[in-house]
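One structure below.
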Amino acid sequence: MTAAILLFGFFGLLAMGFPVAIALAGSGIVFAYIDGTIPMLAIVHRMASGVDSFPLLCVPFFIMAGLLMNTSGITERIYDFAVAAVGWMRGGLAQVNVIGSVIFAGMSGTAVGDAAGLGTIEVRAMKAHGYDPKFAVGITAASSMLGPLLPPSLPLVIYGVSANASIGQLFAAGIVPGLLLATCLMSMVYYYARVRGYGADAKFRLSEMFRTFLRGALPLATPIIIIGGMRAGAFTPTEGAICAVAWALLLGLFVFRTLGWKAIAKVSFETVEITATILIIVAGSEIFGWLLTTTRASEMVVGWVLALTEQKWLILLLANIFLLLVGLAIEPLPAILILTPIMLPIMETIGVDPVHFGLIMVLNLCIGLLTPPVGIVLFILARVGNISFEDAAKGVWPFMIPLVGVLMLCTYVPEIVMWLPTMWYR
C-alpha cells in the first residue's frame, strides 16, 4: 500500500506539472499526512541528511571541471588529436566522434556535457565534410553515452550515494563496458561508411599525430590523473573531483591562458545552479526512499517479484525492460534516486552485485536520453545539426543496436563489469 501511495502521488504530481523534486518530496509528505504516525519534523530531518554526504561533493566539482574544460577551449585540442589519430579510417570524422567522446568522457562525466561540448564541434565538422546530418547527429548522440559509463561518471556517483556502494568500484566497473561500447560503435560506423561510401577525412601523418598529441597532452592527462590517483590510493573520488577542478583551472589560467575571471565566475554560477537542481532532487528522493524502507514496502516489492518468477535471467530481463521504459519518461538522475531503493533489494536477493546492477541501471536509463519524449541529448544535437527532432531520432535508431547489445552483454556476462573492480578493490 505504501509503495502504491508514493508512486501514485509522485506520478500524479508530475502529471500536474510539478518539478521532479517537488513531486518526490510532495508524495512523501502526502503519505506522512495520511499515515498520521510520522512527524513532519522527521521529513525535514531526512531531507537535510540526504544531502549531508561527503561523496556528494563529487557532484559540483566534476560538473565544474567539465564546464571549465569546455569554456577554456580544451575540447578543440582533444578533437584535433582525435582527427590525427583516427581521421584516416573509413568514415573518418564519425570515428573521430567516438574516440573524442572516449577522451572527453574522462572530463565531463555526463552524456549531456559530451553532447553540448565536444558534440557541437563534431556535428558541425561532419556536416561541413558532406555527411548526412541525421547520421552525424545519430553517431554523436550514441557516442555521448560513453560519458555516463567511463569515469568520472556523474550518474554512477549518484547511484553510489543512493545504494551506499563504493564510487571507486563503480568507476572501475564502467571502464570495460565503455571501451566495449566504443569498439562496437566504431564497427557500426565502419559498416555504414562502406554502405554509404564515406571515406577517410584526413591522411595519416605521424608528425601531425605527434604534434596534436603534444598540443593536447595536458588535457589528455586529466582522466589519467583522476583514475590513476584513485587506483594508487592517493585520493578518494571526491578528492579526485577537486583535483580535476584545480587541474582545469591551472590549464585555463596559466598554461593556455584561455580563461578569464569573468568566465570563471560564469562557470561558478552555472555549477551552483546545476548542483542545486540535483541536490534538491536528492533531498526529495531521500524522503521517498526512507519511507519505502521504514514501512518495509521494498520487502513487499521483492516478495511480489519473486512470486512471479525466481529465474534470475528473467528477472534481469524484466528489470532491463522496465528501466528502458522509465528512461523514456524520466531523466536518469531522478530515476536512479527513485528506483534504487525499490530495485536494489530485488537484485541482491537474486545474487546480483550492487556495483554490477549500478552499471546496468545507469546504461538503461541513459539510453532514454536518446529516445522521445525526453531525449535531452537529441534536442541539443538536433538544434546543433539544424534538423528536426524526428530526423534526429531516426538518425540515432541504428545505433541502438550496439547500445542494447552492450547492455545485454553487461547484464548476462557480469565479468565484463566486475573484472576491474574485483582486480583493483577486492
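Annotations
- Region 369-383-region 242-264 distance, computed between alpha-carbon centres (Å): 30 Å
- Karplus-derived 3J(HN,Hα), 6.51/-1.76/1.60, for each residue of region 225-230, Hz, glycine and proline x: 4, 5, 5, x, x, 5
- With Cα atoms, 0 to 90° folded angle of helix 297-308 axis to the chain main axis: 80 degrees
- Rounded to the nearest 500, the helix-only mean residue ellipticity at 222 nm of the chain stands at -26000 deg cm²/dmol, with each DSSP H run of n ≥ 4 adding -39,500 (n - 2.57).
- Rounded to the nearest 10 degrees, the inclination of helix 261-294 to the longest alpha-carbon principal axis of the chain is 30 degrees.
- Within the shell of other residues whose beta carbon sits under 12 angstrom from the beta carbon of residue 125, the net charge comes to -2, with Lys and Arg scored +1 and Asp and Glu -1.
- Charge dipole (debye, nearest 20) of the chain; +1 at Cβ of Lys and Arg, -1 at Cβ of Asp and Glu: 1180 debye
- Each residue was assigned an accessible area with a 1.4 Å probe, and for residue 331 the value is about 90 Å².
- Calculated SAXS-style log₁₀ I(q)/I(0) at q = 0.13, 0.14 Å⁻¹ - region 152-300, Debye, Cα scatterers: -0.95, -1.04
- Computed in the context of the full set of protein chains, the accessible area of region 88-214 at 1.4 Å probe radius has 61% of its extent on carbon or sulfur.
- Farthest toward positive dipole pole in region 294-426 [+1 Lys/Arg, -1 Asp/Glu at C-beta], among 335, 376, 315: 376
- Largest accessible area first, the residues 124, 231 order themselves as 124, 231 under a 1.4 Å probe with ligands, DNA and RNA left out.
- Along the axis of the charge dipole computed for region 70-194 (Cβ charges of +1 for Lys and Arg, -1 for Asp and Glu, origin at the Cα centre), the listed residues 144, 155, 110 are led at the positive end by 144.
- Ligands, DNA and RNA excluded, the heavy atoms of residue 79 present near 30 Å² of accessible surface to a 1.4 Å solvent probe.
- Principal-axis tilt of helix 92-108 within the chain, Cα atoms, nearest 10 degrees: 50 degrees
- Accessible area per residue for region 169-263, computed on protein heavy atoms with a 1.4 Å probe, is 53 Å².
- Rounded to the nearest 10 Å², the accessible area of residue 313 at probe 1.4 Å: 140 Å²
- Ordering 195, 305 by accessible surface, largest first, gives 195, 305; the 1.4 Å probe counts only protein heavy atoms, with every chain in place.
- Sorted largest first by accessible area at a 1.4 angstrom probe radius, with every protein chain in place, the residues 262, 203, 127 fall in the order 262, 203, 127.
The values are calculated or read from the model by the stated rules, or taken from the named source; none is laboratory data. Everything numeric in this text was worked out from a predicted model, so none of it was measured. Cβ: placed from backbone, ideal geometry, glycine included. Neighbour counts: every protein chain shown. Areas reflect the complete protein model, heavy atoms only, side chains present, ligands, DNA and RNA absent. Shrake-Rupley method; radii C 1.70, N 1.55, O 1.52, S 1.80 Å.
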